[in-house]
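Notes to accompany the following structure.
Here, each number is a calculation from the coordinates, and none is a lab measurement. Given the structure is predicted, the values throughout are model-derived calculations rather than measurements. Every residue, glycine among them, receives a Cβ derived from its backbone with ideal geometry; neighbour counts consider all protein chains shown.
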Amino acid sequence: MSETVYSVTGMSCGHCESAVTKEVTGIPGVTSVTAVAKTGLLTIASEQPLDVESVRAAVDEAGYELVGPA
């Protein structure tokens, strides 16, 4: 099990959190996602470490920007 925290810009509300969560949950191996608009943090638990580019693509698809690991 692996857990990584990322910084995301552009999230400002619960809808933003839901959009990011929905996209990131679709990455194979992801077991849980917590997006917090107030802090801009995205916590992802997965079976194995994830490729950061996969996470970046999912966050981008949701309409936000992955800054990098927190």
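Just a few scattered comments:
- Between VAL67 and GLU53, the modelled label-to-label distance comes to 2.4 nm, taking each label 7 Å out from Cα in the direction of the beta carbon.
- Counting Lys and Arg as +1 and Asp and Glu as -1 over every other residue whose Cβ lies under 15 Å from the Cβ of SER2, the net charge comes to -3.
- Cα gyration tensor shape for the chain, rounded if a/c is under 1.5, else prolate or oblate: prolate
- Multiplying the residue separation of THR43 and VAL5 by 0.36 nm and removing their Cα-Cα distance gives an extension gain of 13.2 nm.
- Near PRO28, once Lys and Arg are set to +1 and Asp and Glu to -1 for all other residues with Cβ below 14 Å from its Cβ, the sum equals -4.
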